[in-house]
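Q: Before we start, here is the structure in question, set down as structure tokens.
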Amino acid sequence: MIGIIASILTAVLTGNYLPLLTPLIYVISLKSKNIALFAFYIYILMLAFSFNPGSIYTLNGMNSILVTLSVIIVLDEILRGFELRLPSKEEFILLGALTVSAITLYTFLPVLTAVTFYTAYRRFGKASFYVIGWWVLVIVFLYAAKNQLIHTGAQALVIIGLALVLILVGERKDVKPIDVKLIKKP
């Protein structure tokens, strides 16, 4: 339910009306989760082609962040299994915060970010702190290097590179020496 409202508000604020298709994906998920995931992937492809490439520092960049955050919530809800019901008290508070913050892009972005991270924390627990850490690190780094990262390719590489660094940090405890010998002795 949060994903539907987030997508509708994102569509209104960004002027890209493709997110208004998300209720259709939810309706499909009531019949079949597999068909809903297929519809979701088609929806993602349509979204990807609907945005003009631009710097993360521009309005187009902010719009793409908003759409990405709402898409994360939609995917999470579809994977968990959507059921038609009244929102819980917790969901009602989150929906209220989203709705009230939808005055401008600048008020909606931090609230949608917080709602996305909260739903991730609710679902994944402490593991979601790596995602939050990555997000904060990306924001700080992109802000500090604003004048040096003019091209979108450089911005994308920074975002991907910082994600890889945090994955390595998160997986450092699970790395084990190779148990298989590469060269067999006769």
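Q: Condition first: assigned to a helix (DSSP H, G or I) and touching a helix residue (DSSP H, G or I) at 6+ places or on another chain (Cβ under 8 Å). Now tell me which residues in the range 31-60 satisfy that.
A: 33, 35, 36, 37, 39, 40, 43, 44, 46, 47, 50, 59
Q: Hey, another quick one. I need the full set of residues from the range 81-94 which are surrounded by 12 or more Cβ atoms within 10 Å (Cβ to Cβ) and under 28 Å from residue 34 (Cβ atoms), in order please.
A: Across the range 81-94, the qualifying residues are 82, 87, 91, 94.
Q: Here's a follow-up. How many residues are touching a residue at least 12 places away in the same chain (Cβ under 8 Å) and of a type in the set (D, E, K, R) when one looks only at the range 104-130?
A: Qualifying residue count, the range 104-130: 1.
Q: Out of (1) in contact (Cβ under 8 Å) with a residue 12 or more places away in the chain; (2) touching a helix residue (DSSP H, G or I) at 6+ places or on another chain (Cβ under 7 Å); (3) surrounded by 13 or more Cβ atoms within 10 Å (Cβ to Cβ); (4) of a type in the set (A, V, I, L, M), the odd one out for residue 11 is which?
A: In the conditions (1) in contact (Cβ under 8 Å) with a residue 12 or more places away in the chain; (2) touching a helix residue (DSSP H, G or I) at 6+ places or on another chain (Cβ under 7 Å); (3) surrounded by 13 or more Cβ atoms within 10 Å (Cβ to Cβ); (4) of a type in the set (A, V, I, L, M), residue 11 misses (1) alone.
Q: Next up: Check residue 179 against each of (1) part of a loop (DSSP other than H, G, I, E, B); (2) at pLDDT 70 or above and name the one condition it does not meet.
A: Condition not satisfied by residue 179: (2).
To keep it simple, each residue is scored yes or no on (1) farther than 15 Å from residue 74 by Cβ; (2) surrounded by fewer than 16 Cβ atoms within 10 Å (Cβ to Cβ).
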position: 18; (1), (2): no, no
position: 22; (1), (2): no, no
position: 38; (1), (2): no, yes
position: 43; (1), (2): no, no
position: 49; (1), (2): yes, yes
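Q: Pairs needed: first member in the range 136-160, assigned to a helix (DSSP H, G or I); second member anywhere, among the polar types (S, T, N, Q) and exposed (fewer than 12 other Cβ atoms within 10 Å of the Cβ); C-beta distance under 9 Å; at least 6 residues apart or different chains.
A: That search, which allows pairs on different chains as well, returns 154/148.
Q: Take residue 67 and tell me if it is without any contact (Cβ under 8 Å) to a residue 24 or more places away in the chain, under 17 Å from the mean Cα position of the chain (by Cα) and buried (at least 18 other Cβ atoms within 10 Å of the Cβ).
A: In short, no.
Q: Counting only residues that are touching a residue at least 12 places away in the same chain (Cβ under 8 Å), within 16 Å of residue 9 (Cβ to Cβ) and either among the β-branched types (Val, Ile, Thr) or not in a helix (DSSP H, G or I) (or both), how many does the range 84-98 have?
A: Counting residues in the range 84-98 that are touching a residue at least 12 places away in the same chain (Cβ under 8 Å), within 16 Å of residue 9 (Cβ to Cβ) and either among the β-branched types (Val, Ile, Thr) or not in a helix (DSSP H, G or I) (or both) gives 1.
The values are calculated or read from the model by the stated rules, or taken from the named source; none is laboratory data. Only a predicted model underlies this, so the values are computations on that prediction, with no experimental measurement involved. Note that we place each Cβ from the backbone using ideal geometry, even for glycine, and neighbour counts take in every protein chain shown.
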